[in-house]
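Below is one structure; the comments refer to it alone.
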Amino acid sequence: MTTKQIDYCIELAHTLNFSKAADNLFTSQPTFSYQIRLLEEEIGFTIFERSGKGAALTPAGEQFVSFLAGMREDLKRAIEQGQNFSARYKDNISVSMMVRQAVYFLPEAMRLFGMTNPDVQITPVFQYENGFESFLRNEVDILFALKEQTKQIAGVKVHDLFESRIYLITDKNDKLAAKNSVREEDLYGRTLMVGGGSPAALKVIQHRMISSGKIQYFNSPDHDTTLTNVAAGRGICLAPGFLNDHSGQFAWIPFECEETFSCVLCTHKADSRTSLSSFIEIMKKLYRDAVAFPL
């Protein structure tokens, strides 16, 4: 199977017309039809039913084309990354995190690192759910995580980064937004957004507040949905400070509680690259120097 055949197959699935698909890809219809037939012979089943009106996907073909489309996108990204890398860099360090704002100082760390290591590329990788699995498969070099997640994992070096407290997130016009800090009783009678992959420490607080019977709750599947609901006036939420993008769109008010989150960077013990150690030290220094920065 060639990349040309993949492109032909995907285009025909979009147009369901051999002539139009061939024109769109700047080739002749006989050549186009021949390549589709070769592909079907190779894989051993019919992708398209032919008729005088054009083409139609078979059930097997529909599933196959869906897989091809995803594979083509992955291949495109791999080629683009390879082109970027080969043009400027001799090495790469990948950093996995669930959302961009989780490591707020990452862009600054990349800039500082680039001044002394211009031939090493830093690649952010955003993996909301599968970051840990990807790291353990050695697909990424650095993982942002909570310290509680790193216990009893072999072959991992843990670097303490910062402590993050819990904040209440409200619309900026909410009366609670004027407070310097809030307590649990300040939220009585309100609707609290819960769920969405909340860390263990946050789930404890959510459960405690719901158990009081003095607060309503609304299940939200993820943090972005939660923020959308907060913006729509459907409720309020508690969140770790490391999710704050500091855009000023919402009010983030410190929540009075003992629970905090120990945020760390994980690397593989076997990875002894000097460039990796240098980047980790830059990250740690940026957070050490940000004493007054709300986290």
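Proximity of backbone amide H atoms, modeled 1.01 Å from N, is registered between residue 58 and 48, 49 at under 5 Å, excluding neighbours fewer than 5 places apart on the same chain. Among 25, 39, the ranking by other beta carbons within 10 Å of each residue's beta carbon, starting with the fewest, stands as 25, 39. Using C-alpha pairs under 8 Å with a sequence gap of at least 6, the mean separation divided by the residue count of the chain gives a relative contact order of 21 percent. Segment residue 129..residue 51, full-extension length gain: 23.7 nm, with 0.36 nm per residue of separation and the alpha-carbon distance subtracted. Each principal axis of the Cα atoms in the stretch 5-77 has its own extent, and those three values, largest first, are 34, 26, 20 angstrom. Inverting the pair-averaged 1/r between distinct Cα atoms of the stretch 93-155 gives 12.6 Å as its Kirkwood hydrodynamic radius.
Among the lysines of the stretch 1-153, pairs at least eight places apart or on separate chains and with Cα atoms under 24 Å apart come to 5.
Here the chain is assigned +1 on the Cβ of each Lys and Arg and -1 on the Cβ of each Asp and Glu. Its dipole about the Cα centre then comes out at about 400 debye.
Normalised by 2.2 N^0.38 Å, where N is the number of residues, the alpha-carbon radius of gyration of the chain equals 1.33.
Only aspartates and glutamates eight or more places from residue 175 in sequence, or on another chain, were considered; those with a Cα closer than 14 Å are 186. Estimated from the Cβ-Cβ distance and a Förster radius of 25 angstrom, the FRET efficiency linking residue 256 and residue 218 is about 0.65.
Highest mobility in the GNM of the chain, judged by mean-square fluctuation with C-alpha springs under 10 Å and restricted to 117, 17, 92, is found for 17.
Classify the stretch 1-128: rounded, prolate or oblate, from the alpha-carbon gyration tensor (a ≥ b ≥ c, eigenvalue square roots; a/c under 1.5 rounded; otherwise prolate if a/b is larger than b/c)? It is prolate, given that a/c is not under 1.5 and a/b is the larger ratio. Straight-line reach from residue 285: taking Cα to Cα under 15 Å and skipping same-chain neighbours fewer than 8 places apart, the aspartates and glutamates in range are 108, 160, 163.
If you wrap the Cα atoms of the stretch 100-248 in a convex hull and average its projected area over all directions, you get 10.9 nm².
DSSP loop (so not H, G, I, E, B), at most 16 other Cβ within 10 Å: list which trypsin sites (Lys or Arg not before Pro) in the stretch 3-69 pass both filters. The qualifying sites are 53. Could you tell me which of rounded, prolate or oblate describes the stretch 166-254, using a ≥ b ≥ c as the square roots of the eigenvalues of the alpha-carbon gyration tensor, with rounded for a/c under 1.5 and, failing that, prolate when a/b is larger than b/c and oblate otherwise? Rounded, since a/c falls under 1.5.
Between 250, 223, 181, the Cα set farthest toward the positive side of the dipole of the stretch 166-254 (charges on each charged residue's Cβ, about the Cα centre) is that of 181. Just to confirm my numbers, what's the Cα centroid distance between the stretch 135-159 and the stretch 220-294 in Å? Here the answer is 17 Å between Cα centres. Ranked by how many other Cβ atoms sit within 10 Å of their own Cβ, fewest first, the residues 89, 188 fall in the order 188, 89.
Laboratory data are not the source of any read-out in this text; all were calculated from the coordinates shown. Given the structure is predicted, the values throughout are model-derived calculations rather than measurements. Glycine gets a Cβ as well: all are built from the backbone with ideal geometry, and neighbour counts include every protein chain shown.
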